[in-house]
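The values are calculated or read from the model by the stated rules, or taken from the named source; none is laboratory data. Just so you know, these numbers come straight off a predicted model, no measurement behind them. As a convention, Cβ positions derive from the backbone with ideal geometry for all residues, glycine included, and neighbour counts pool all protein chains shown.
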């Protein structure tokens, strides 16, 4: 029966199939055409852009001011808290850090008879404010200037940010400011300064020698060893230690009023001024010897430290 089909119907069916295949092929060509027509990246244009960026960075680096000039203009202030003692003294051109001298003068002027001097803690938030003042002066963080948001790229934003106004060269910390009226804030800040030294006032290299000296049974030998060790300290450590201990002796002299004995002062300052570089196995016993070293130096202060 299929042999009786008209020939035109058969050819019509074939033409339909052929036409659909042709259309499919045409669609695939159209789909592939955009990719084939995409232009190749222009390497010359990219190289020119990179060259411009390098040129701008080179100009910026050549114009960049030195660190010393930024310090002199007040744009950068080196911190006091957490700075190595020798580095701080060298930078300030002073045998003893200025902040230590200011605190001691303020405490002695305000009254050595205040109860619990150095034992009672001041307000922690106020102490941190004083610390910020010492480290940064009055250059407190300001809000960002308007108009910088339109800058493109984080690096351009940073480079375009203007420095803070320079600090006055004659600006000085005033501990008589009403913000620091509580003497316990000043004593707390002074203790914090010594705690945050990268290396304590008694250097790590001398720790075991001081502990060994304080363990000596013979009093004369113990006094001689401790005295020689103190005198062998680096100049910034020795001079700062002398000023501090002479001040603490004056605190102890007013012990009937401020209730601070030699033992009380030694307990407060022992772990702060004298500590091991790595934690000892018997920290409780080590702390006892730390306090004994400080107590001994306080008792022998006039013999250990030579007059100027």
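Some values worked out for this structure:
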item	result
Some residue of the range 219-237 being within 32 Å of the chain's Cα centre (by Cα), at pLDDT 95 or above and farther than 23 Å from residue 87 by Cα	no
Residues of the range 292-308 that turn out to be farther than 13 Å from residue 266 by Cβ and touching a helix residue (DSSP H, G or I) at 6+ places or on another chain (Cβ under 7 Å), as a count	3
Residues that are at pLDDT 95 or above, touching a helix residue (DSSP H, G or I) at 6+ places or on another chain (Cβ under 7 Å) and either in a helix (DSSP H, G or I) or buried (at least 20 other Cβ atoms within 10 Å of the Cβ) (or both), drawn from the range 257-271	258, 260, 262, 263, 265, 266, 267, 269, 270
Residue that is farthest from the chain's Cα centre (by Cα), among those in the range 275-289 that are closer than 19 Å to residue 265 by Cα and in contact (Cβ under 8 Å) with a residue 12 or more places away in the chain	289
Residue match in the range 114-121 (condition: surrounded by 12 or more Cβ atoms within 10 Å (Cβ to Cβ), at pLDDT 95 or above and on the phi > 0 side of the Ramachandran plot)	yes
Among (1) part of a loop (DSSP other than H, G, I, E, B); (2) under 22 Å from the mean Cα position of the chain (by Cα); (3) modelled with pLDDT of 50 or more; (4) surrounded by 15 or more Cβ atoms within 10 Å (Cβ to Cβ) - the single one residue 172 does not satisfy	(4)
Residue check for residue 78: at pLDDT below 95, surrounded by 13 or more Cβ atoms within 10 Å (Cβ to Cβ) and under 23 Å from the mean Cα position of the chain (by Cα)	no
Pair list, Cβ under 6 Å, 6 or more apart: the range 128-147 residue within 18 Å of residue 175 (Cα to Cα), other residue modelled with pLDDT under 50 and in a helix (DSSP H, G or I)	none
So residue 286, is it part of a helix (DSSP H, G or I), at pLDDT below 95 and under 23 Å from residue 197 (Cβ atoms)	yes
Any hit, the range 49-71, residues being at pLDDT below 90, under 30 Å from residue 190 (Cα atoms) and either surrounded by 12 or more Cβ atoms within 10 Å (Cβ to Cβ) or in contact with a helix residue (DSSP H, G or I) (Cβ under 6 Å, 6 or more places away or on another chain) (or both)	yes
